[in-house]
1. Look at segment 30-58 and say how many of its residues are closer than 23 Å to G114 by Cα and either without any contact (Cβ under 8 Å) to a residue 40 or more places away in the chain or not aromatic (F, W, Y) (or both).
2. I'd like the residue in segment 120-162 that is touching a residue at least 60 places away in the same chain (Cβ under 8 Å), out of contact with any Lys or Arg (no Cβ under 9 Å at 6 or more places or on another chain) and open to solvent by 20 Å² or more (accessible area, probe 1.4 Å) and, out of all such residues, is farthest from D199 (Cα to Cα).
3. Any idea which of Y79, Y41 is over 30 Å from G273 (Cβ atoms) and surrounded by 15 or more Cβ atoms within 10 Å (Cβ to Cβ)?
4. For the condition out of contact with any strand residue (DSSP E or B) (no Cβ under 6 Å at 6 or more places or on another chain) and either open to solvent by less than 10 Å² (accessible area, probe 1.4 Å) or closer than 24 Å to H82 by Cβ (or both), what is the one hit in A282, A322?
5. Consider only pairs whose beta carbons are under 6 Å apart and that are at least six residues apart or on different chains; among these, list those whose first residue lies in segment 273-292 and is among the hydroxyl-bearing types (S, T, Y) and whose second residue is assigned to a strand (DSSP E or B).
6. Right, V359: in contact with a Phe, Trp or Tyr (Cβ under 9 Å, 6 or more places away or on another chain) and either outside any helix (DSSP H, G or I) or closer than 26 Å to Y260 by Cβ (or both) or not?
7. Looking at (1) in contact with a Gly (Cβ under 6 Å, 6 or more places away or on another chain); (2) over 29 Å from I285 (Cα atoms); (3) acidic (D, E), which one does D143 not meet, given that it meets all the others?
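The values are calculated or read from the model by the stated rules, or taken from the named source; none is laboratory data. Just so you know, these numbers come straight off a predicted model, no measurement behind them. FYI the Cβ positions are ideal-geometry reconstructions off the backbone, even for glycines, and counts take in every protein chain you see. The area values use the complete protein model at the heavy-atom level, side chains included, leaving out ligands, DNA and RNA. Shrake-Rupley method; radii C 1.70, N 1.55, O 1.52, S 1.80 Å.
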Amino acid sequence: MGFIEERQLESTYVMGTYARKPVELVRGRGMQVEDAEGRTYLDFVSGVGAVSLGHCHPALVSALEEQARTLVHVSNYYYIEHRGEVAKLVSDLLNERVAEGEREPWQSFFSNSGAEANECAFKLARLHAKKRAMAAAEAAGADEEAVHAASLNAPRVIVTLDASFHGRTLATLAATAQPAKQEAFQPLPDGFIRTPLNDIEALEALFASQGDAVCAVMVECVQGESGVHPCTPEFLAAVRRLTAERGALFMCDEIQCGMYRCGTYPFGFQHFGVTPDVVTIAKGIASGFPMGMCAARAQVAASFDAGDHGSTFGGSCLAVAAAEATVKALAAENAAENAERVGAYLRAQLATLPRVEEVRGLGLMVAVDLAEDASAPDVVLAGLDAGLLLNYTGPRTLRFLPPLVCSIEDVDVLVEKLGVLLAAA
């Protein structure tokens, strides 16, 4: 079936929730993808940062083929191969910057997506606060009625940051502090409040006025959907201090900036000298296969009892096989070092291009703001004719999330072609 027929079928039978680009991608290898007409493109989107190993990496393909021949799905009622191995691998990565004598296991819940991982984190934060309140009441000698009252009055507010993005389910949309994305779906679940990015004074004022009601603060250490805006180390240190003082959880949404995307370390928070209590992971964890995780320090994860949360497909046989192959291949191929080196080169080269006003990012998570008279959507569309898959997050903002196998040579091709596009924009 050709592109025209596929496009007609989708327009008739698929909900119009995406303004798709006029191209049908049918195969890929590494940094390149090919469309139905045989044209090739350098991919600087990588499935919105998900295809961390590049397209059709041999280790991932082999793991999926072998697992598909062996066992596809049995549900979480049973133990399966690879799930424990993946959880330990991720725990070790989360402890990478923790002194060896201070390390403790992180325990994970497996989901299918980043939004589901964040939903799990929200539930865990509220349940953890409730159980802390009940335990404190019991320790003070309260009777059963007073313990119940303490559970009802436990902190339940979750703080997020302006311009954050945490998903498109109703709860994660409520946490996503972007009114334009929320308005059509009101009323949203309550219990979420917002504070400005990197404004320590505003954060301290919030805790001074509402701190007793706060059960958690969730941040993206590098905001992705807003156009790649990093937190400052000082702001994240303030989040860690204030949450610790109030017994609230510090939660990091690492769905886009994690799994070596920022270079040097496995996770974004590790660049800033803080350690959270809960970390949510998805996208690059299985290099394009649907997979998410909510990882928590063991004493926090213990708030969940059997039956408190679940997922039919989360942590399925195929997903954990893909994740194990991905995590091991990222380590074996020095993805962190490559992301750091090539990302620095990418930022430096982008800064030399015409009509580029600002370059931001860490590793291979990069954005540029264009001159006021330039249109990022127009550049993305023109990029298809130039053999580039590009992405924009705002009218003047381009975002670059290539596979972590991106090379200096790939960047040189991008910069040469993008320079021509920007000069003509």
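1. Of the residues in that region, 14 qualify.
2. Of everything passing the filter in segment 120-162, K131 is farthest from D199 (Cα to Cα).
3. Y41
4. Step by step, each of A282, A322 is checked, and only A322 is out of contact with any strand residue (DSSP E or B) (no Cβ under 6 Å at 6 or more places or on another chain) and either open to solvent by less than 10 Å² (accessible area, probe 1.4 Å) or closer than 24 Å to H82 by Cβ (or both).
5. T280/D253; T280/C294
6. So V359 fails the test.
7. (1)
Results for (1) of a type in the set (K, R); (2) under 15 Å from the mean Cα position of the chain (by Cα); (3) open to solvent by less than 10 Å² (accessible area, probe 1.4 Å); (4) over 18 Å from H73 (Cα atoms), shown as yes or no for each residue.
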| position | (1), (2), (3), (4) |
| --- | --- |
| T264 | no, no, no, yes |
| G268 | no, yes, yes, yes |
| V278 | no, yes, yes, yes |
| P290 | no, yes, no, no |
| A295 | no, yes, yes, yes |
| A301 | no, no, no, yes |
| H309 | no, no, no, yes |
| G315 | no, no, yes, no |
| L318 | no, no, no, no |
